[in-house]
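Asker: Here it is: the structure, laid out below.
The values are calculated or read from the model by the stated rules, or taken from the named source; none is laboratory data. Remember, predicted model here, so these are calculated numbers, not experimental data. Cβ placement follows ideal geometry from the backbone for every residue including glycine, while neighbour counts extend to all protein chains displayed.
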Amino acid sequence: MVDQEDERTTPGLSQAKPEIDIDDRRPRRLGLWLMATGFGGFLLWASLAPLDAGVVASATVNVTDNRKTIQHLTGGSIKAILVREGDRVRRDQPLIELDPTRAIAEQGGISAQYIVARTVENRLQAERDGLDRVHFDPELLRRFAGDPRLQDALGLQARLFATRRSALTGEAGILKENIRGAEEQLKGLRQVQAARNAQIQLLNQELEGVRHLAAEGYVARNRLLELERNAAELIDQATARRDLAQAELIEAQDGLIVALRLLQEMLGGVPERLASLHREFPTPALQPASLQDWLGQAQANNPTLRAQHHKQQEAEEEVRRVRSGHWPTLDLVLGYTDSESDSISTLDQQNRYATAGVELNMPLFAGGGVSARVRQAVASHEQSIEELNATREEVLSATTRQFRGVQSGQARIRALERAVASSERAQDSAKKGFLAGSSTNLDILNAEEQVFIARRDLLEAKLRYLQARLQLAEAVGLLGDDDIDQANAYLGPELALTY
């Protein structure tokens, strides 16, 4: 009876009991999503946030993988280890692969310095040995064939060699002309001095006669004083002009000795003769005629500016490379192991297995080293930008200065040519006046001095014009053999050098 009652009442009780939800899939998904989001956000922050410092604390490092990054003492890191534990290796088999990024950057900088140093050495040797042109090292040309840095360095040193030689030769020619003018002036002064001495003798004779007449009371005292004053003035003027010409001659000779010494340092010896300039000196207009066009060519072709621009680009690439230390790296790892072993319990046991996988390296904290290197690279990049701007301003200033030197040199040469012609006519007039009795020896001497001064100024203006054209072509990076040939076309008869 009881059992039957239980069987009747049990279904009724089960129908009245409330249903309980025991499905945990929804909260479990929510929890996993929150954990994944939090951990992913932490990893993203850890990989991107630059940490400058850390707290020193004790810790225990457990090696979970045999793959480690090995840092060399002087820089460079291992990119990949090509063998595994237990692998058999053969002779000359590569075991590790180094990361070449930093080494390539350093090698590029050192190579550029080496190219510049060797080309400078070749130019200095050519200047020392007195060669007509620079002979560059064949090994250097072969080793860096096709390198644009080598072509820039070769062009720069060749232009420097030609410019320095032209400048020193021109300076020596100017000083030689100054010496010749001083010698002619001194010769004229000696002639004038002889004439003045004759005048002084006649004046002294007249003065002696006047003194006797004055002593007897036949001549006024004022007449005697006037004659004595005239004699003293003639003596003082002749002595002063002679001493001044002698001092100018000594100064010109000293300048010539210094210029010849510089020329000897460059050529390895002093030439016995130097070329002068043609009397006819054409000054063709610059092509292009606009200063802005020349400035544009200087910014595009100047080798020094281009080298500084490459240096700035290298510094920019270095900043990108160092900043990549904050980013994670993904490596594909493949391995194969074939091992043989013997033990007490096993004989001739062979194991072969292959592995393939993907390794993700997430940089979390490196003690602030990466951030410090980034700051250093950024500072170097900013420094290279400032150096580039300074070099650009120097190049533009030099281009403007030489452009104006050519433009003003043309007008100055034409004006001095007219001045030489006028001074020569004045000299002829003074000589004719002396024959007619209206001019004195002093007038002739002054006219001759003006002729030599005008000729000297004209020679200096011509040489400065040639130097300005060469230096303008050098500033824009277009100086070549044709420019040197055009400058040589202005050279005329040779003058013997005397010491």
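Asker: State all residues of the range 373-423 that are surrounded by fewer than 14 Cβ atoms within 10 Å (Cβ to Cβ), closer than 15 Å to Ala298 by Cβ and aliphatic (A, V, I, L, M); if no residue qualifies, say none.
Answerer: If the condition is that a residue be surrounded by fewer than 14 Cβ atoms within 10 Å (Cβ to Cβ), closer than 15 Å to Ala298 by Cβ and aliphatic (A, V, I, L, M), then Ala390 is the only one that fits.
Asker: Sticking with this one: Using the structure shown, decide if Asp152 is among the charged types (D, E, K, R) and either free of Cβ contacts under 8 Å to residues at least 24 places away in the same chain or more than 21 Å from His309 (Cα to Cα) (or both).
Answerer: Working: among the charged types (D, E, K, R): yes; either free of Cβ contacts under 8 Å to residues at least 24 places away in the same chain or more than 21 Å from His309 (Cα to Cα) (or both): no.
Spelling it out, it is not the case that Asp152 is among the charged types (D, E, K, R) and either free of Cβ contacts under 8 Å to residues at least 24 places away in the same chain or more than 21 Å from His309 (Cα to Cα) (or both).
Asker: Test Val374 against the criterion of being out of contact with any Ser or Thr (no Cβ under 9 Å at 6 or more places or on another chain) and farther than 30 Å from Ala454 by Cα, and give yes or no.
Answerer: Details: out of contact with any Ser or Thr (no Cβ under 9 Å at 6 or more places or on another chain): yes; farther than 30 Å from Ala454 by Cα: yes.
So Val374 passes the test.
Asker: Which one is farthest from Ser371 (Cα to Cα), of the residues in the range 319-332 that are surrounded by 14 or more Cβ atoms within 10 Å (Cβ to Cβ) and either in contact with an Asp or Glu (Cβ under 9 Å, 6 or more places away or on another chain) or of a type in the set (A, V, I, L, M) (or both)?
Answerer: Val319
Every residue, every condition in (1) touching a Cys at 6+ places or on another chain (Cβ under 9 Å); (2) touching a residue at least 12 places away in the same chain (Cβ under 8 Å); (3) small (Gly, Ala, Ser), yes or no:
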residue	(1), (2), (3)
Glu387	no, yes, no
Glu393	no, no, no
Leu396	no, yes, no
Thr399	no, yes, no
Gly405	no, yes, yes
Ala411	no, no, yes
Ala419	no, yes, yes
Glu424	no, yes, no
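Asker: For the range 133-143, does any single residue satisfy the condition of being assigned to a helix (DSSP H, G or I), at pLDDT 75 or above, touching a helix residue (DSSP H, G or I) at 6+ places or on another chain (Cβ under 6 Å) and surrounded by 14 or more Cβ atoms within 10 Å (Cβ to Cβ)?
Answerer: Of the range 133-143, the ones assigned to a helix (DSSP H, G or I) are 138-143.
Subset that is at pLDDT 75 or above: 138-143.
Imposing the further condition that a residue be touching a helix residue (DSSP H, G or I) at 6+ places or on another chain (Cβ under 6 Å) reduces the set to 140.
When the remaining residues are screened for being surrounded by 14 or more Cβ atoms within 10 Å (Cβ to Cβ), the result is 140.
Yes, that holds for at least one residue.
Asker: Checking Ile22 against (1) at pLDDT below 65; (2) on the phi > 0 side of the Ramachandran plot; (3) over 52 Å from the mean Cα position of the chain (by Cα): exactly one of these is not met. Which one?
Answerer: (2)
Asker: For Glu494, state whether it is touching a Lys or Arg at 6+ places or on another chain (Cβ under 9 Å), of a type in the set (Asp, Glu) and farther than 30 Å from Asp152 by Cα. Even if it seems obvious, please write down each step before you answer.
Answerer: Numbers: touching a Lys or Arg at 6+ places or on another chain (Cβ under 9 Å): yes; of a type in the set (Asp, Glu): yes; farther than 30 Å from Asp152 by Cα: yes.
Yes: the conditions hold for Glu494.
Asker: Would you confirm whether or not the range 466-476 contains a residue that is surrounded by fewer than 18 Cβ atoms within 10 Å (Cβ to Cβ) and either modelled with pLDDT under 85 or within 41 Å of the chain's Cα centre (by Cα) (or both)? Steps first, answer last, please.
Answerer: At the first step, the residues of the range 466-476 found to be surrounded by fewer than 18 Cβ atoms within 10 Å (Cβ to Cβ) are none.
No, the range 466-476 has no match at all.
Asker: Same structure, new question: Sort out which residues of the range 422-442 are over 53 Å from the mean Cα position of the chain (by Cα) and among the charged types (D, E, K, R), and write them in order of number. Spell out the reasoning first.
Answerer: Just the residues of the range 422-442 that are over 53 Å from the mean Cα position of the chain (by Cα), to begin with: 429-442.
Hits for the range 422-442 are Lys431, Lys432.
Asker: Next question. Hey, any hits in the range 339-354 for a residue that's out of contact with any Phe, Trp or Tyr (no Cβ under 6 Å at 6 or more places or on another chain), in a loop (DSSP other than H, G, I, E, B), acidic (Asp, Glu) and modelled with pLDDT under 80?
Answerer: Taking the range 339-354 and keeping what is out of contact with any Phe, Trp or Tyr (no Cβ under 6 Å at 6 or more places or on another chain), we get 339-353.
Still in the running and in a loop (DSSP other than H, G, I, E, B): 342-348.
Remaining after also requiring acidic (Asp, Glu): 342, 348.
Right, trim to modelled with pLDDT under 80 and you get 342, 348.
Yes: one or more hits.
Asker: Condition test on Arg456, is it farther than 19 Å from Arg279 by Cβ, of a type in the set (D, E, K, R), out of contact with any Leu (no Cβ under 7 Å at 6 or more places or on another chain) and buried (at least 16 other Cβ atoms within 10 Å of the Cβ)? Steps first, answer last, please.
Answerer: On the way: farther than 19 Å from Arg279 by Cβ: no; of a type in the set (D, E, K, R): yes; out of contact with any Leu (no Cβ under 7 Å at 6 or more places or on another chain): yes; buried (at least 16 other Cβ atoms within 10 Å of the Cβ): yes.
It is false that Arg456 is farther than 19 Å from Arg279 by Cβ, of a type in the set (D, E, K, R), out of contact with any Leu (no Cβ under 7 Å at 6 or more places or on another chain) and buried (at least 16 other Cβ atoms within 10 Å of the Cβ).
Asker: Consider Leu360 carefully, then state whether it is surrounded by fewer than 16 Cβ atoms within 10 Å (Cβ to Cβ) and outside any loop (DSSP other than H, G, I, E, B). If you could, list the steps in order and put the result at the bottom.
Answerer: Values: surrounded by fewer than 16 Cβ atoms within 10 Å (Cβ to Cβ): yes; outside any loop (DSSP other than H, G, I, E, B): yes.
Yes.
Yes/no matrix, rows are residues, columns are (1) among the acidic types (Asp, Glu); (2) at pLDDT below 75; (3) part of a loop (DSSP other than H, G, I, E, B):
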{"position": "Arg91", "(1), (2), (3)": "no, no, yes"}
{"position": "Pro94", "(1), (2), (3)": "no, no, yes"}
{"position": "Glu106", "(1), (2), (3)": "yes, yes, no"}
{"position": "Gly109", "(1), (2), (3)": "no, no, no"}
{"position": "Ala112", "(1), (2), (3)": "no, no, no"}
{"position": "Ala117", "(1), (2), (3)": "no, no, no"}
{"position": "Val120", "(1), (2), (3)": "no, no, no"}
{"position": "Leu124", "(1), (2), (3)": "no, no, no"}
{"position": "Glu127", "(1), (2), (3)": "yes, no, no"}
